[in-house]
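First the structure, in the form of structure tokens, and then the observations on it.
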């Protein structure tokens with residue numbers, strides 16, 4: 001299933017009733033999730049984030065644009081943010097199963113419809129741009145609403161869709177496809193907009209105009225000022241003063257966080273602020289952010305502190321929030337601000353249960369959850385113990401030489417733990433799919449053939465899930481051995497328990513693989529799975545015995 005994100009920016013951030021009219025119109029389309037509504041009074045702009053299937057998102061975006069054109073009059077609009085339309089910009093972003101080319105196609109579908117049905121001029125931008133000079137949104141928006149009436153009369157700026165006359169009240173709209181954009185503002189302990197602007201000119205990709213020794217602009221042969229590139233790629237930035245907060249901000253659009261991550265931009269802003277005698281006090285996220293960006297930030301600051309990065313995900317995110325001061329101006333709820341969390345729960349219902357609830361469910365007369373889920377749970381507990389031992393080998397000077405090694409154990413263990421927690425529910429889901437296939441009708445030859453194929457497909461999945469559990473449990477054993485060998489000697493017994501639990505997960509998962517194979521007809525698949533499973537068990541037994549020997553020796557002899 002294809003899932004895309006759409007982030008329309010509406011030129012209204014003060015009238016909450018109007019904003020609600022727009023979001024109600026968006027939600028009336030159905031089939032989408034309204035993830036975030038972020039109004040700004042000083043910018044007089046609201047950023048809305050929606051996700052869903054392409055068809056549903058296109059319809060929702062159209063309804064939002066239509067409603068905005070009916071209730072927003074740009075002739076009476078003022079705000080700190082540049083704007084050219086009631087719906088200023090409407091980008092599509094690929095999330096799952098969709099490509100950038102797909103999103104280009106969706107932007108063209110929406111653009112054509114907005115131009116034809118709403119009589120609003122539309123420019124395609126970013127990956128959808130019809131000409132190179134339209135790729136950058138700033139080029140299109142230059143002149144803003146007030147200058148657009150004359151601008152679009154020229155052949156160079158003829159809209160891609162819609163009329164060549166500015167809509168009287170709704171202006172023009174830019175629609176396109178882009179990478180995930182992080183709208184990120186850094187707060188300064190000053191009200192001086194000039195300082196924020198000066199910093200933004202240094203850090204943004206476009207940079208600032210070059211000057212000669214007399215301070216005059218250096219121009220090319222056509223008289224156009226020559227730019228000195230800024231520090232960061234994929235970074236657009238301006239400086240402004242926000243009355244609502246009483247602070248100046250460096251406002252950035254990070255158009256590719258792999259080029260420039262928020263935490264890197266934040267630290268550079270701190271450096272630049274210090275040069276100008278001011279201080280960064282925190283930062284603000286407008287809209288949502290990918291989980292990867294938050295985890296990368298948290299690990300970056302943990303590394304700087306010489307602390308383990310192999311800690312629970314929520315703790316890494318907490319470090320990122322506090323290190324960048326993301327909660328200075330308003331609460332920062334990861335469940336609402338991180339896109340992956342806002343779309344769905346990270347773990348399924350079984351992995352999210354309390355221990356007594358899981359045990360109650362396990363002990364009922366239902367065949368699922370069963371041994372496969374328990375094997376995954378055993379492996380996740382083993383990985384957790386390995387991480388614990390590594391994390392306990394921090395904090396003392398004598399263990400500092402082990403920092404990289406223990407960090408590696410802890411981080412790998414946390415990744416395995418997360419995979420195995422997912423497999424707790426996947427095992428039960430796979431079993432349920434097998435049971436569903438058994439219930440398919442078989443009265444006709446066609447029905448019987450369809451049922452048989454569905455059963456075989458379901459059994460393959462039901463075999464591969466515990467096989468994945470088998471592999472991930474086996475991956476814990478070398479980490480447990482490493483923890484037992486080099487980790488905090490006071491926790492060597494915990495490393496031993498980790499190895500025992502990991503092996504229990506290996507054996508338990510293997511039993512589930514074997515029992516599912518006996519009902520299958522694919523001989524080649526059966527032989528392959530049996531061979532691989534047997535080899536993993538054999539290798540795991542060897543490592544387990546090595547861990548037992550290490551643990552027994554350390555407990556006995558110290």
Exercise. Name the one entry in 499, 509 that is under 22 Å from residue 394 (Cβ atoms) and in a helix (DSSP H, G or I).
Key: 499
Exercise. Starting from residues that are farther than 12 Å from residue 284 by Cα and not in a helix (DSSP H, G or I), keep the ones in the range 319-348 and report whichever is modelled with the highest pLDDT.
Key: 333
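What number of residues within the range 314-340 are buried (at least 18 other Cβ atoms within 10 Å of the Cβ) and in contact (Cβ under 8 Å) with a residue 40 or more places away in the chain?
Residues that pass the stated criteria total 10.
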Exercise. Assess whether residue 175 counts as being outside any strand (DSSP E or B) and either modelled with pLDDT of 95 or more or not assigned by TED's automatic domain parsing to the domain that holds residue 80 (or both).
Key: no
Quiz item: Do the conditions hold for residue 458, that is, is it part of a helix (DSSP H, G or I) and modelled with pLDDT under 95?
Solution: yes
Quiz item: Limited to the range 430-455, what total is found for residues that are buried (at least 18 other Cβ atoms within 10 Å of the Cβ) and not in a helix (DSSP H, G or I)?
Solution: 0
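Looking only at the range 515-523, decide whether some residue is in contact (Cβ under 8 Å) with a residue 40 or more places away in the chain, assigned to a helix (DSSP H, G or I) and within 25 Å of residue 426 (Cα to Cα).
Checked against the condition, which is being in contact (Cβ under 8 Å) with a residue 40 or more places away in the chain, assigned to a helix (DSSP H, G or I) and within 25 Å of residue 426 (Cα to Cα), the range 515-523 yields at least one hit.
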Quiz item: Counting only residues that are closer than 27 Å to residue 241 by Cα and free of Cβ contacts under 8 Å to residues at least 40 places away in the same chain, how many does the range 55-81 have?
Solution: 2
Exercise. State all residues of the range 163-183 that are over 33 Å from the mean Cα position of the chain (by Cα) and surrounded by 24 or more Cβ atoms within 10 Å (Cβ to Cβ); if no residue qualifies, say none.
Key: 166
Quiz prompt | residue 254 being closer than 24 Å to residue 137 by Cβ and buried (at least 17 other Cβ atoms within 10 Å of the Cβ) | solution = yes
Quiz item: Any idea which residue in the range 263-293 is modelled with the highest pLDDT, counting only those that are within 27 Å of residue 419 (Cα to Cα), buried (at least 20 other Cβ atoms within 10 Å of the Cβ) and touching a strand residue (DSSP E or B) at 6+ places or on another chain (Cβ under 6 Å)?
Solution: 289
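The values are calculated or read from the model by the stated rules, or taken from the named source; none is laboratory data. Here the structure is a predicted model, which is why all the values come from computation and not from measurement. Cβ: placed from backbone, ideal geometry, glycine included. Neighbour counts: every protein chain shown.
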